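Report on the following structure.
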Amino acid sequence: MNMVLEGIRVLDFGRYIAGPFCASLLADLGAEVIRIEKVQGSEDRFLSPITPQGDGALFMQMGRNKLGMTLNPMKPQGQEIVRRLVATADVVVANLPPDTLQAMGLDYDSLKAIKPDIILTLISAFGSGGPYSNRVGFDGLGQAMSGSMYLSGTPEQPAKSYAPFIDYGTASLSAFGTMAALLERQKTGRGQVVEGSLFSTALTLTNGTVIEQDALAINRTATLNRSQTSAPADTFKTQDGWVLVQSVGGPLFERWVALMGEPHWLEDPRFRDDISRGDNGAVISERLARWCAERTSAQVLSAMEEARLPAGPVMSPQNVLDDPHVAATGMLQRIDYPGLAKPAPVMRPPVRLSLTPPTIRHRAPTLGEHTDRILGDLGYSSEEIQALRSARVI
């Protein structure tokens, strides 16, 4: 089966999530992705370790479909390997500081001198051109500095999302930009720089609230899980757990009013439209909280489904593993990995294509698993590879 990016080679110098997951998405579409790590293994390989050798849970996801090699690009022999690799590549993905990129020969001018049509996908915390350009950062900074964290939690305690959605969003947008650059190169033969940043992704996700603030100076503060722009939209305690109910628009509110047996609320000016219902959401949440407290989660969700109101259980990671919809749709693909007692449940590519679907074709590489093969393809002899290994270049 032909794949969308078959024949494209990507060098993945990414770390943690934003860079590596961008490369993972390209690999899912058929690109040959070479993950390049430190000789001793990059730090992100070992996050949340689950194998005897310390390989981490996140790496099972980030490393899928990739070849793995170790390399020290700061040594002269390592820089020569980088040059040879770049000459064979179409895309370089890196989320490294500008001075590190230059020292490693991965800045765009250096890459372009080797391969004129190369595409460099750069991912940073804050992007270039402003006073924060050289700052380092992780997902949490994007959440903190975009308004997202301020409007989560409570006024007394801002809350960061457990899931690093800024990282994953940046990876996805950077993969989108890389695909656009590949299409442009196909038309014109020109490479270019694709630039993504955690801060720009975070501001994209909170832009509606920033626009509202600029227009109305509304100065919103956090209301935990309760929406401020529609209702009912909140989390509710049941007799045996928690559920989330989310409603937007008049028709859904009408169904909810019928379910609650409160028809007079349709004539109440406090609830005339979404923003009014959001402004008075505490009243609506209190009514639904009393209703949910008298029922089990299953009873609440059954009634909501019958009324065609969006609702779902608040699930633990184990609940996710046990969920029948996850099982029926095959969202998680079980993949063996050396040292694991059982195959890891890796999430399949989140977007489906009917003719050329992205797939997980093989597990994440062990540390340096394909180094010899890759260097051999570049023209290095077995003796040269051994010398490089002895010198800790690889």
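Quick one: which residue in A289, A311, A344 is under 30 Å from V33 (Cβ atoms) and surrounded by 14 or more Cβ atoms within 10 Å (Cβ to Cβ)?
Residue meeting the stated conditions: A344.
Those residues that are surrounded by fewer than 16 Cβ atoms within 10 Å (Cβ to Cβ) and under 33 Å from the mean Cα position of the chain (by Cα), I need them from the range 379-394; list them, please.
R392
Taking only the range 351-378 into account, find how many residues are surrounded by fewer than 14 Cβ atoms within 10 Å (Cβ to Cβ) and among the acidic types (D, E).
Within the range 351-378, residues that are surrounded by fewer than 14 Cβ atoms within 10 Å (Cβ to Cβ) and among the acidic types (D, E) number 1.
Tell me, yes or no, whether the range 152-164 has at least one residue that is within 24 Å of F13 (Cα to Cα) and at pLDDT 95 or above.
There is at least one residue in the range 152-164 that is within 24 Å of F13 (Cα to Cα) and at pLDDT 95 or above.
Return a yes/no flag: does the range 44-60 have any residue that is outside any loop (DSSP other than H, G, I, E, B), within 21 Å of L85 (Cβ to Cβ), modelled with pLDDT under 95 and in contact with a strand residue (DSSP E or B) (Cβ under 9 Å, 6 or more places away or on another chain).
Taking every residue of the range 44-60 in turn, at least one turns out to be outside any loop (DSSP other than H, G, I, E, B), within 21 Å of L85 (Cβ to Cβ), modelled with pLDDT under 95 and in contact with a strand residue (DSSP E or B) (Cβ under 9 Å, 6 or more places away or on another chain).
All but one of (1) within 18 Å of S390 (Cβ to Cβ); (2) under 16 Å from the mean Cα position of the chain (by Cα) hold for K38, so report the exception by its number.
If we test K38 against (1) within 18 Å of S390 (Cβ to Cβ); (2) under 16 Å from the mean Cα position of the chain (by Cα), just (2) comes out false.
Name the pairs: first residue in the range 298-323 and under 15 Å from V257 (Cβ atoms), second residue among the small types (G, A, S) and surrounded by 15 or more Cβ atoms within 10 Å (Cβ to Cβ), Cβ to Cβ under 8 Å, at least 6 apart or on different chains?
M304/A311; L309/S247
Looking only at the range 225-256, count how many residues are surrounded by 13 or more Cβ atoms within 10 Å (Cβ to Cβ) and either among the β-branched types (V, I, T) or assigned to a loop (DSSP other than H, G, I, E, B) (or both).
Looking only at that region, the number is 16.
Which of the numbered conditions does A215 fail, given that it passes all the others? Conditions: (1) assigned to a helix (DSSP H, G or I); (2) out of contact with any strand residue (DSSP E or B) (no Cβ under 6 Å at 6 or more places or on another chain); (3) within 29 Å of N319 (Cβ to Cβ).
It fails just one condition, (3).
Being out of contact with any Gly (no Cβ under 8 Å at 6 or more places or on another chain) and surrounded by 16 or more Cβ atoms within 10 Å (Cβ to Cβ) is the filter here; which residues of the range 292-308 pass it?
Scanning the range 292-308 gives C292, R295, V300, M304.
In the range 2-30, what count of residues is obtained for those that are in a loop (DSSP other than H, G, I, E, B) and crowded, with 24+ Cβ neighbours inside 10 Å?
Total meeting the criteria: 3.
Please enumerate the residues belonging to the range 128-157 that are surrounded by fewer than 16 Cβ atoms within 10 Å (Cβ to Cβ), polar (S, T, N, Q) and touching a residue at least 60 places away in the same chain (Cβ under 8 Å).
Of everything in the range 128-157, those that are surrounded by fewer than 16 Cβ atoms within 10 Å (Cβ to Cβ), polar (S, T, N, Q) and touching a residue at least 60 places away in the same chain (Cβ under 8 Å) turn out to be S128, T154.
The values are calculated or read from the model by the stated rules, or taken from the named source; none is laboratory data. Predicted model only: the values in this text are computed from it and were never measured. All Cβ positions, even for glycine, are placed from backbone atoms using ideal geometry, and neighbour counts span all protein chains on display.
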